[in-house]
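Every read-out reported here was derived from the displayed coordinates using simple, explicitly stated rules and does not represent laboratory data. Note that the structure is a prediction, hence the values are computed from the model and not measured. All Cβ positions, glycine included, derive from the backbone under ideal geometry; neighbour counts span all protein chains shown.
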Amino acid sequence: MDIFMEYVWAFLIGGLLCAIGQVLIDLTKLTPARILTSYVVAGVVLGALGLYQPIIDLAGGGATVPLTGFGNLLAKGVRKAVDMNGLIGAFMGGFTSAAVGISAAVFFGLITALMFKSGSKINEA
Amino acid sequence: MNISNQEYGELAKRHSPPSAMYKTIPLAFAIGGGICVIGEAILNMFQYLGLEPDEAGMWTSMLLIFMSALLTGLKLYDRIAQHAGAGTLVPITGFANSVVSPALDFKSEGFVLGLGAKMFVIAGPVIVYGISASVVYGIIYYITTLF
């Protein structure tokens, strides 16, 4: 695929997924935690139904960077683990494929919290 | 004027600005799309350096999370988020921000029950329902492989 179109699709699909989230926030007053949770679960469902991979093939980072992509990754990991290890794979694949994201967020979260000062009003007082 | 609470609610709703959706939605679209384009560029860079697609994807997530943590520490991520709304929430950088931001803010309440526990105030539910959905799918998928 033409490299320029690759970035156009990444922008359009990624932007669309974020715009849907904004519509949900504006119209339903869903909290950020609920949006993030719904996106990951939606990604697992779409991934399980095989509907998410075609979006990734089209949009690349536009589909893998939003949290639905994280959900799809969980579904993919679980499928691979069940193929390799049978039923116990259902309890392995999710965390295996989420490992990098969770470990990176936790580790860099800790480092950041140690290195930077809190900007909250509680601390300034 | 004599109106019921319900009527008043409807009246107030009709006359209050719908939180300027003509502004919030394009901003979320543009900034969210922009973050995805950055992700795509990083992904291409790692593949150009010779990594397999899956491996390049993992490195991309790691780098995006690192950048989000840094920008959160510098108080820049939350400043962008004020304008971007879901545009900075939905990408993986938003997930990282939801971990880093409370860790930083609740450090003053201690390293274990403050920083350590509050880190998961949003990431916790995401992991609970994400992993549970994946386990359900794994069991269903296992059953389908039996036939």
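Observations, loosely collected:
- Using R0 = 25 Å, the C-beta based FRET efficiency linking A:Thr31 and A:Leu58 works out to 0.25.
- Computed over the alpha-carbon atoms, chain A gives an Rg to Rh ratio of 1.06, Rh here being the Kirkwood radius from the mean inverse distance.
- Relative contact order [Cα under 8 Å, 6+ residues apart], chain A, whole percent: 21
- DSSP H segments from chain A that extend 30 Å or more along their own axis, Cα-based, with Kyte-Doolittle mean of -0.5 or above: A:3-28, A:93-115
- Ordering B:Asp105, B:Asp78 from the fewest to the most neighbouring beta carbons within 10 Å gives B:Asp78, B:Asp105.
- Pairs exceeding 21 Å between alpha-carbon atoms, taken from B:Lys23/B:Lys75; A:Lys29/B:Lys118; A:Lys80/B:Lys118; A:Lys29/A:Lys76; A:Lys117/B:Lys107; A:Lys76/B:Lys118: B:Lys23/B:Lys75; A:Lys29/B:Lys118; A:Lys80/B:Lys118; A:Lys29/A:Lys76; A:Lys76/B:Lys118.
- Calculated FRET efficiency, B:Gln82 to A:Phe4, Cβ-Cβ distance, R0 = 41 Å: about 0.85 to the nearest 0.05.
- Axis of helix B:53-73 versus longest Cα principal axis of chain B: the two differ by about 50°, to the nearest ten degrees.
- Positive-end extreme of charge dipole, the range A:3-118 - chosen from A:Ala10, A:Leu51, A:Pro32 (charges on Cβ): A:Pro32
- Nearest-ten-degree value, helix B:21-48 long axis tilted from longest Cα axis of chain B: 10
- Computed over neighbours whose Cβ is under 15 Å from that of A:Asn72, the net charge equals +1, Lys and Arg +1, Asp and Glu -1.
- Charged side chains reduced to their Cβ positions (Lys and Arg at +1, Asp and Glu at -1) give the range B:1-98 a dipole of some 500 debye around its Cα centre.
- Start at zero, step by 10 Å, and the Cα-Cα distances of the protein assembly as shown spread as 7, 27, 33, 21, 9, 3, 0, 0 percent across the bins.
- For chain A, calculated [θ]222 nm from helices alone, where every DSSP H run of n ≥ 4 adds -39500 (n - 2.57): -26000 deg cm²/dmol
- The range B:106-147: radius of gyration and largest Cα-Cα distance (Dmax), Å: 16.9, 56
- The C-alpha atoms of chain B define a longest principal axis, and helix B:120-146 lies at about 60 degrees to it.
- Computed from the C-beta positions of A:Leu114 and A:Lys80, the FRET efficiency with R₀ = 35 Å rounds to 0.50.
- Contour excess over end-to-end distance, with Cα ends at B:Glu52 and B:Lys23 and 0.36 nm allotted per residue: 6.5 nm
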